[in-house]
1. Return the residues of segment 207-240 that are of a type outside the set (Lys, Arg) and over 19 Å from Ile7 (Cα atoms); say none if nothing qualifies.
2. What number of residues within segment 183-216 satisfy the criterion of being surrounded by 16 or more Cβ atoms within 10 Å (Cβ to Cβ) and among the acidic types (Asp, Glu)?
3. Are there helices (runs of 4 or more DSSP H) fully within segment 155-255 with at least 1 residues that are small (Gly, Ala, Ser) and modelled with pLDDT of 95 or more? List them.
4. When Asn25 is evaluated against the numbered criteria (1) free of Cβ contacts under 8 Å to residues at least 12 places away in the same chain; (2) surrounded by fewer than 13 Cβ atoms within 10 Å (Cβ to Cβ), which criterion, by number, is the only one it fails?
5. Here are some conditions: (1) in contact (Cβ under 8 Å) with a residue 12 or more places away in the chain; (2) in the same structural domain as Arg121 (by TED's automatic domain parsing); (3) among the polar types (S, T, N, Q); (4) over 30 Å from Leu88 (Cβ atoms). Gln168 meets all but one. Which one does it not meet?
6. Looking at segment 59-70, which of the residues that are modelled with pLDDT under 85 and not aliphatic (A, V, I, L, M) is nearest to Arg121 (Cα to Cα)?
7. Checking His72 against (1) outside any helix (DSSP H, G or I); (2) in contact with a Leu (Cβ under 7 Å, 6 or more places away or on another chain), only one condition comes out false. Which one?
8. What are the pairs, 6+ residues apart or on separate chains, where a residue within segment 205-233 that is touching a residue at least 60 places away in the same chain (Cβ under 8 Å) and within 23 Å of Ser93 (Cβ to Cβ) has its Cβ under 7 Å from a residue that is in a loop (DSSP other than H, G, I, E, B) and of a type in the set (Gly, Ala, Ser)?
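The values are calculated or read from the model by the stated rules, or taken from the named source; none is laboratory data. It should be emphasised that the depicted structure is a prediction, and the values quoted were computed from it without experimental measurement. In this analysis, Cβ positions are derived from the backbone assuming ideal geometry, glycine residues included, and neighbour counts consider all displayed protein chains.
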Amino acid sequence: MEGGTDIKRYRKFIDRSKVELIPCNGKDNVISVLSIMRESGFEDCLGFVDADFNHIDEMLDECVDLIYSINHDFDMDVCRTSVIDRYLEEVASEKKLVIEGGCVALLSSLLEGLKPLSAMRYANEKHKLGYCLKNIEIYKFFDGSSIDVSLMIECVSQGKFRTKEYKQKLSAYIDKYKIMDFDLWQFTNGHDFIAGLGIILQERAGERTVSQTKKAEVERHVRLSFDYKDFHASGLPQKILRWEETSGYKLTLVS
């Protein structure tokens, strides 16, 4: 798997007495390890990687031993199950949730609100712009409803990117891609979605404190709430089953 967080999320569904879970610290590493293992004669290896923007750009590696997330990443696969509905029912304000039109409407609004950030990430990857967007603190420019694009650009414009020319170029890319009709579950990064959800719960849809709504805290609650029913609903077991039928090997899942 790409990282330790993925293992924390899925290990409870796998019989670890028969299967070893290995974090590879990145998609490219997973793909490289699979290639090395196949060349070494090991055919009982299966890799799990985030699709990122590959579904949108239709650039998926057709490796039979590689399983991609169904949505942008495995965080989004989890968030698209009923686990988020249950989480909101527990921590959101019932009155505010009704005003928002319910869980589905609130999450759709969040996806729309994050589009400029998703557009920036997409442009950075598609055009190899070179911005470091790994640890963005979105609370600095996202207020729970919309993004201050100018402030967001300022936050990521470090080093050579501080110039007016670079900022204008990035702004143009954001304007271009934020209006495109992408599937927002494919377009939105799971870390951004969860961080944004935490911000929404501070005031717009709840009365949670900053410490209660940090991204790591929300991630932890969602991960702990994710059960076998959600796991099945995410579509991942079905992909594993297809691999088993093709490879002849068995990845033992715990019910």
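1. Start the filter on segment 207-240 by keeping residues that are of a type outside the set (Lys, Arg), which leaves 207, 209-213, 216-219, 221-222, 224-228, 230-238, 240.
Passing the criteria: Glu207, Thr209, Val210, Ser211, Gln212, Thr213.
2. Qualifying residue count, segment 183-216: 1.
3. 164-178, 190-200
4. (1)
5. That leaves (1) as the condition not met.
6. Step one: list which residues in segment 59-70 are modelled with pLDDT under 85, which gives 59-64.
Remaining after also requiring not aliphatic (A, V, I, L, M): 61-63.
Values: Asp61: 21, Glu62: 24, Cys63: 26 Å.
The residue in question is Asp61.
7. His72 satisfies every listed condition except (2).
8. If the second residue must be in a loop (DSSP other than H, G, I, E, B) and of a type in the set (Gly, Ala, Ser), the pairs left are Ala205/Ala92; Ala205/Ser93; Gly206/Ala92; Gly206/Ser93; Glu207/Ser93.
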